[in-house]
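Please read the structure below before turning to the comments.
Since every read-out is calculated from the coordinates, none of them should be taken as a lab result. From a predicted model like this one, the values you see are computed outputs, not experimental measurements. When we count neighbours, we look across all protein chains shown, and the Cβ atoms used for this are built from the backbone with ideal geometry, even at glycine.
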Amino acid sequence: MPRNRNNSTFDFRQDQPRLNHPVDHLKQMLDIPEDVEEKFRALTSVRKFRKGERITAPSDIRFFGFYLCRGAARVSMLRGAQDLTCSFAIDDEFIALPTSLLSSDKVTLSIEFLESSEVICVPIEKSRRMFLEEVSLSNGAFSFILATLMDYSRTLEERLIVMQCADARQRYDWFCKRYPKIVDRVSSIHVASFLGITKETLYRIRSGKY
């Protein structure tokens, strides 16, 4: 593949609708009555974070789902002295957490906000109980879970394609297009970690020497 900054091969975010709440994902698939929507919204809470703040409490990380209405965030995995970037999120995205690591005692997950952000927190267990108790919401429960998984799987699939098919320069070009709000707000170490390249390679790309 040619190393061209204007190459749109890995431009995945064209013409995506703006969604301001997790329930908006449901409404794309279902005709949801107002009372059902109100019940779900009542379970959720809105939290605001300043740039540099983190969510680190295991009880939050494990038992809540997070939807980033506005802002930018990084999910990191701390293993020993290594701070590894697992994923990024920007406006109108679920914050993707690696579920296989949520109960691990060997790693510590955290969400770091890269700019002032507004997050909708969804209590997973309360939502599950509500969906089970309300027969009218059973389809909504399934659809919400499906929508969340589809959003997460699209993010993982997109990154997998780039990591397998693109060279280091193309990975960085994709990152700039995919996360335009993040590229100038996160350290080179975190970007390199996310792209699977060395920080030295990243410096060479940014300086035009790659």
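Structure notes:
- Theoretical gain in end-to-end length, L156 to Y203 [0.36 nm per residue, Cα-Cα removed]: 14.4 nm
- Amide H contacts of C86 (H built 1.01 Å from N, under 5 Å, at least 5 apart or other chain): V75, S76, M77
- Applied to the stretch 155-161, the Karplus parametrisation 6.51 cos²θ - 1.76 cosθ + 1.60 on θ = phi - 60° returns per-residue 3J(HN,Hα) values of 5, 5, 5, 4, 5, 4, 4 Hz, with x for Gly and Pro.
- 21 Å Cα-Cα threshold exceeded, pairs from K39/K126; K126/K181; K48/K181: K126/K181
- Per-residue 3J(HN,Hα) values for the stretch 45-50, derived from phi via the Karplus relation 6.51 cos²θ - 1.76 cosθ + 1.60 with θ = phi - 60°, read 9, 10, 10, 10, 10, 7 Hz in sequence order (x marks Gly and Pro).
- Karplus-derived HN-Hα couplings along the stretch 81-96 (A = 6.51, B = -1.76, C = 1.60, θ = phi - 60°), whole Hz, x at Gly and Pro: 8, 8, 10, 9, 8, 8, 7, 10, 9, 10, 2, 6, 9, 5, 7, 7
- Close amide-amide hydrogen proximity is noted between E115 and G52, A72, each under 5 Å apart and 5 or more residues distant or on a separate chain (H modeled in the peptide plane; Pro and chain starts excluded).
- Inter-site label distance for S59 and D91 at 7 Å from Cα along Cβ, in nm: 3.4
- Amide H within-cut-off set for D91, under 5 Å, with H built and near neighbours excluded: G71
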